[in-house]
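Some notes on the structure that comes next.
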Amino acid sequence: MATRWGIASAGKISHDFVTALSVLPLAEHVVVAVAARQLSRAKDFATLHNIKAAYGSYEELAKDPNVDVVYVGSIHPQHLQIASLMLSSGKPCLVEKPLTLNLKETKQLINLARNKKLFLMEAIWSRFFPVYQLLRDELKAGTLGDVLQVIANFGIPIEAVERIKQVFVYMNYSMIFNKYLGCMVILKELGGGSILDIGVYVLQLAVLVFGPVIPEKILASGDLNKEGVDSSVAAILNYGAGKVATLSTHTRVTFPNEAFIVGTKGTIKASGGEETSDVASGGEDGLAARPWEEREGKTNNMVSEGDKRRVSRLQEGRRRIHSPFWCPTTIETPTKKREFPVPPCSKPFNHVNSSAMSYEAQEVRRCLLKGLIESPGMTHAESLVLAELEDKLRAAVGTRYSQDD
């Protein structure tokens, strides 16, 4: 029997999620209802995606007996209210990241799900890419040795999106809805900022590698815009025993968008592009070249045998992950390259590699069929740690929402 999805909110990310579901068998996944605050938007969305039921309130969606599970794709401040409504009505939930605005709300939502014995997962879609599974396998096998460093940066100019704007403008012609979409925002009211919008991706990587624990020391600094919301953050998370995560985010400029997982025996590199440099070998052309071999007609005869062995060990331990590290499709070692293309889809998306949102949908179905209330791939404990880390970084930088009171 197919898992019957209800969609809460008719925005861009909900469009991508529903479109991603279309690459999966109808016998396994079907969208039966959508709800938005405005009935007209829900109807437009339903028409576009051939969804039978469209509601102008989330209460109606919560009462729909044909819905098995709800995807919550609304803006951050609405996550707690909408997901709580669904859980209280007996509906399991997949909630877009961040799960809520802060640790207090996250505890409240997870406790509700546990009391109701209903499935709840934060939609950290990265966790369900095949490349991330290989990454887990590498860590579990100890290929990298003792992992001591996680270095990750995520910067994209997103000040033009809804949660970053400060005035009402009509812009962004939507090919999907065949009209101009505009919005009026007060950034704080929409829960925006680099930490909650994109910082969750660098933080989840640190949590994946070092576990769902709070670091012994946290140092953070960043810039606030004139609305008092973080536009950039740089943080050092010290887990003790030499284990450190160095993380940075930015909403005004483009970073290399890379991540490194560094161990005593090797390094995994996740890159924001197909062409990457090679950290372990130090090769200027990014290839696994050895310094004592001929390159461009020149030979280096000044390298000791010890240095040769050292570089060989580095190359043997090197791992490279291509494409954006939060949605990667390729992993490469010195001896092989494995590619996991995202599922093909002829329909348009708003974000890169969005057809891979089908991976997290498949995980939700798997968990529901097994009667689980959380996914081992993205646990409640991890969501709680993520929320606490987000709170601590916001406090250090000075971003505060009314929901924090």
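Please give the Cα centre distance for the range 23-49 versus the range 191-224, rounded to the nearest Å.
Cα centroid of the range 23-49 versus Cα centroid of the range 191-224: 33 Å apart.
Considering only Cα-Cα distances, which of the following residue pairs are longer than 19 Å: K140/K265; K104/K188; K97/K188; K140/K392; K91/K347? Display every interim value, and only then the final one.
Values: K140/K265 14 Å; K104/K188 17 Å; K97/K188 17 Å; K140/K392 29 Å; K91/K347 29 Å.
Result: K140/K392; K91/K347 exceed 19 Å.
So how long is each side of the range 3-127 along the principal axes, counting just the alpha-carbon atoms, biggest first, in Å?
For the range 3-127, the Cα extents along the three principal axes come out at 38, 30, 26 Å.
Starting at the first residue of the range 21-29, write each ³J(HN,Hα) from the Karplus equation 6.51 cos²θ - 1.76 cosθ + 1.60 with θ = phi - 60°, in whole Hz, x for Gly and Pro.
4, 5, 7, 9, x, 4, 6, 10, 9
Towards the positive end of the charge dipole of the range 3-127, with charges on Cβ (+1 Lys, Arg; -1 Asp, Glu), say which of F45, L94, A27 has the farthest Cα.
Toward the positive end, the furthest listed residue is L94.
Kindly write out, for the range 58-68 in residue order, the coupling ³J(HN,Hα) from the Karplus curve 6.51 cos²θ - 1.76 cosθ + 1.60 (θ = phi - 60°), rounded to whole Hz, with x marking Gly and Pro.
6, 4, 5, 5, 4, 8, 5, x, 8, 9, 8
Report, by chain and number, residues whose modeled amide H sits under 5 Å from the one on T330, excluding near sequence neighbours (fewer than 5 apart, same chain).
Residues meeting the amide H criterion: H322, F340.
Looking at the range 71-166, which trypsin sites (Lys or Arg not before Pro) are DSSP coil and have at most 16 other C-beta atoms within 10 Å of their C-beta?
Working: sites: K104, K107, R114, K116, K117, R127, R136, K140, R163, K165; in loops: K117, R163, K165.
For trypsin sites (Lys or Arg not before Pro) across the range 71-166 that sit outside H, G, I, E and B with at most 16 neighbouring Cβ atoms in 10 Å, the list reads K117.
Please turn the phi angles of the range 341-352 into ³J(HN,Hα) values with the Karplus equation 6.51 cos²θ - 1.76 cosθ + 1.60 (θ = phi - 60°), one per residue in order, whole Hz, x for glycine and proline.
x, 5, x, x, 8, 7, 8, x, 10, 8, 10, 4
Find out how many positive minus negative residues lie around I218, taking Lys and Arg as positive, Asp and Glu as negative, among other residues whose Cβ is under 12 Å from that of I218. Let's see the in-between values first.
Working: positive: K217, K392, R394; negative: E216, E388, E390, D391.
Here the count lands on -1.
Read-outs: derived from the displayed coordinates by stated rules, not from any lab. Note that the coordinates shown come from a computational prediction; the quantities given were computed from them, not determined experimentally. Every residue, glycine as well, gets a Cβ built from its backbone with ideal geometry; the counts of neighbours run over all protein chains shown.
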